[in-house]
Amino acid sequence: MPSGAAAKRVMLLAGLVMVALLIAGFVVGAIGSQMFGTSRFLDQPAIHLPPQPIFPFSAVKESLGYSDYPSKDKAEAKPTADAEHPPASEASGHESGAEEEHHFTPLPVTQFAITNTLLSAWVASLVIILFFVLGARKKAMVPGRFQSVVESIFEGVLNFASSVLGPDMARKAFPVVATIFFFVLFNAWIALFLVPLYQAVGFGSGGLWDFKLEAHLIRPAGTDVNMPLALALVSFVFVEYWGLRVLGLGYFKKFFAFGNLLRGRPSGLIDVFVGILELISELVRIVSFTFRLFGNMTAGEILVVMITFLVPFVANIFVFGLELLVGLIQAVIFAGLTLVFLSLAVHHEEH
Amino acid sequence: MVELGINLPLLIAYLVTFVILLAILYQFAYKPLMGAMDQRSERIQEGLSAAERAREEAASSQAAIEEQLNEARREGQRLMDQAREASQRFRESEMERARQEAEAFAERARADIQRERDAALEELRAGFGDLAITAAERVIRRSLDRQAHEELITQVLEEGESLRRG
């Protein structure tokens with residue numbers, strides 16, 4: 001009885017704190033500051049699609065358009081980095097509006113720099129590796145709690161693959177499909193944990209007190225079009241590889257269907273046309289894969305950042321719930337479509 | 001393209017990241033997990049078939065025990081019948097023997113009695129003859145009155161008695 005009452009009191013207290021934070025957030029957020037004239041808690045976030053470089057620092061400076069990087073910044077701490085990576089001086093020199101808020105020049109197509117999105121992808125990869133390697137390490141016959149969680153996730157994905165491909169093919173395709181699944185899933189979920197860092201940590205101008213964030217240290221990898229594109233290419237190559245391996249060169253008959261035409265049947269024209277459509281749809285998959293994931297992740301990130309800007313502190317809880325779901329759905333879709341395309345490529349001969 | 005953020009080295013970096021992740025996961029997670037799961041399902045399969053085998057074995061041994069039990073029961077029945085028969089035979093033969101013995105005994109007793117009686121009769125006859133002769137002698141010798149007769153007879157009888165006794 002006393003413990004129940006205490007629990008009830010704690011719940012009530014938590015609820016009151018939540019409401020208080022919600023009201024406070026509303027007052028200091030963007031809407032409240034317009035209405036009541038309070039000072040804003042956060043600056044208006046700028047939305048930019050390209051990822052920002054965080055290393056080497058010459059690339060950071062260049063993308064932010066600084067010729068002389070302000071002091072009191074992390075970048076200044078390691079000036080030696082410039083020696084290793086001589087500044088690529090072609091593009092981007094001309095835009096130099098330092099007064100302009102969130103001035104930012106994207107990386108040229110061929111210039112390499114480690115970006116905030118790549119860093120977050122690495123963080124996600126490390127988390128995945130830790131999770132699975134720790135889960136798979138002991139191999140006890142009767143699994144412990146953590147091991148059985150990892151194994152049941154593993155088994156769930158394997159069963160999902162089996163239901164699409166059948167048990168034999170599923171075992172072969174499993175590693176790549178599961179890695180795609182976990183990569184998408186963990187990147188989406190890690191992003192939610194990293195959102196506070198997104199708004200707080202990075203490179204910028206100004207001193208300690210009037211610091212203006214201009215390049216974020218970390219940003220969800222899904223919001224970088226290169227990550228979905230890389231996964232889409234992996235999925236595409238994977239599907240084509242298995243199609244070729246299972247059906248041999250006959251796999252290409254699907255795309256270049258000249259058989260009936262060469263035998264002099266006029267209906268062969270239709271086959272050729274269908275083959276061309278197949279070829280196009282095969283290639284369009286890359287684009288659709290890429291932009292489905294990119295769009296969802298970017299929209300989620302923008303939503304989170306905007307809600308944080310409008311009503312800081314706790315209003316994001318609901319968005320976070322939504323984003324958890326979106327991350328899971330995107331992972332299931334990416335892995336599931338790969339499986340479906342794979343099964344189409346492998347079983348094409350039968351119809 | 002640039003506004004979207006497409007960057008060739010970055011794309012390659014992601015691909016490399018993915019491939020490294022795949023390799024590490026394959027080596028340290030998928031293979032051991034798959035192996036463990038296969039091993040476990042194999043173990044379970046084994047256990048199931050062992051249980052099946054044990055059940056079959058139990059059923060067959062149950063049948064064997066039943067068979068043995070029946071055998072033993074039949075054997076016991078047979079032995080009991082045999083014993084009962086033997087005892088019956090023994091009793092009959094014993095009874096026969098007893099009866100014969102008893103009969104022989106009775107026969108012998110009867111013969112003894114006969115002989116004793118014959119001897120007694122003989123003796124008695126001899127005695128009575130003498131007695132009668134003695135009594136007759138006395139009767140003849142004395143005057144005959146009733147009183148005297150009575151006394152005489154009594155005397156003779158007493159003498160005969162004492163004679164017999166002697």
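Quick one: putting +1 on the C-beta of Lys and Arg, -1 on the C-beta of Asp and Glu, what dipole do you get for the range B:1-111 around its Cα centre, in Debye to the nearest 20? Display every interim value, and only then the final one.
Numbers: 15 positive and 19 negative charges, 49 e Å.
Dipole about the Cα centre, nearest 20: 240 debye.
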key: Shape of the range A:229-274, Cα gyration tensor, a/c cut at 1.5   = oblate
key: Selected from B:Ser41, B:Ser162, B:Ser60, residue furthest toward positive end of dipole (chain B; charges at beta carbon)   = B:Ser41
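What does the average come to when, for each residue of peptide A:309-316, you count the partner chain Cβ atoms lying within 10 Å of its Cβ?
Numbers: counts 0, 0, 0, 0, 0, 0, 0, 0.
Mean shielding count: 0.
R0 = 22 Å: FRET efficiency of A:Phe291 with A:Ile47, Cβ-based, nearest 0.05?
Numbers: r = 17 Å, r/R0 = 0.76.
Working from the Cβ atoms, E equals 0.85.
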Kirkwood hydrodynamic radius of chain B, from inverse mean 1/r over distinct Cα pairs, in Å = 30.0 Å
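Counting only protein heavy atoms and rolling a 1.4 Å probe, how much accessible area do B and A lose on contact, total for both sides, in Å² to 100?
Working: alone 15090 and 19880 Å², together 31150 Å².
That pair hides around 3800 Å² of surface in total.
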Simple spin-label estimate for B:Ile133 and A:Ser267 in nanometres, 7 Å along Cα-Cβ = 16.7 nm
ask   = Counting only the heavy atoms of the protein chains, how much of A:Leu337 is accessible to a 1.4 Å probe, in Å² to the nearest 10?
value = 50 Å²
Amide hydrogen neighbours beyond the local backbone of A:Leu107, cut-off 5 Å, H modeled = none
request  = Provide the solvent-accessible area of B:Arg117, counting protein heavy atoms only and rolling a 1.4 Å probe, rounded to the nearest 10 Å².
outcome  = 130 Å²
note = Mean other chain Cβ within 10 Å across A:223-236 is 5
remark   = Placing each pseudo-label 7 Å from Cα in the direction of the beta carbon, B:Ala50 and B:Asp81 end up separated by a distance in nanometres of 4.8 nm
query = Can you list residues whose amide H is under 5 Å from A:Thr115's amide H, if they're 5+ apart or on another chain and H is modeled 1.01 Å from N?
reply = A:Ile54
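Name the trypsin sites (Lys or Arg not before Pro) in the range A:220-271 that are in a loop by DSSP and that have at most 12 other C-beta atoms within 10 Å, would you?
On the way: sites: A:Arg245, A:Lys253, A:Lys254, A:Arg263; in loops: A:Arg263.
Here the trypsin sites (Lys or Arg not before Pro) that fit, given the DSSP loop and packing criteria, are A:Arg263.
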task = Taking amide H positions as placed in the peptide plane 1.01 Å from N, state which residues far from A:His216 in sequence (5 or more) or on other chains have amide H under 5 Å from it.
result = A:Phe203
task = Give me a single rounded figure for A:177-184: the average over its residues of other chain Cβ atoms within 10 Å of their Cβ.
result = 3
note = In chain B, whole DSSP H helices that both stretch 20 Å or further along their axis by alpha carbon positions and average at least 1.6 on the Kyte-Doolittle scale are B:8-25
request  = Compare the Cα positions of B:Leu121, B:Gly5, B:Ile20 along the charge dipole of chain B (+1 at Cβ of Lys, Arg; -1 at Cβ of Asp, Glu; about the Cα centre) and return the one farthest towards the positive end.
outcome  = B:Gly5
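The values are calculated or read from the model by the stated rules, or taken from the named source; none is laboratory data. These figures come from a predicted structure and were not determined experimentally. Cβ sites come from the backbone with ideal geometry, for glycine too, and all protein chains shown count toward neighbours. Each accessible area value is taken on the protein alone, full model and side chains, heavy atoms only, with ligands, DNA and RNA left out. Shrake-Rupley method; radii C 1.70, N 1.55, O 1.52, S 1.80 Å.
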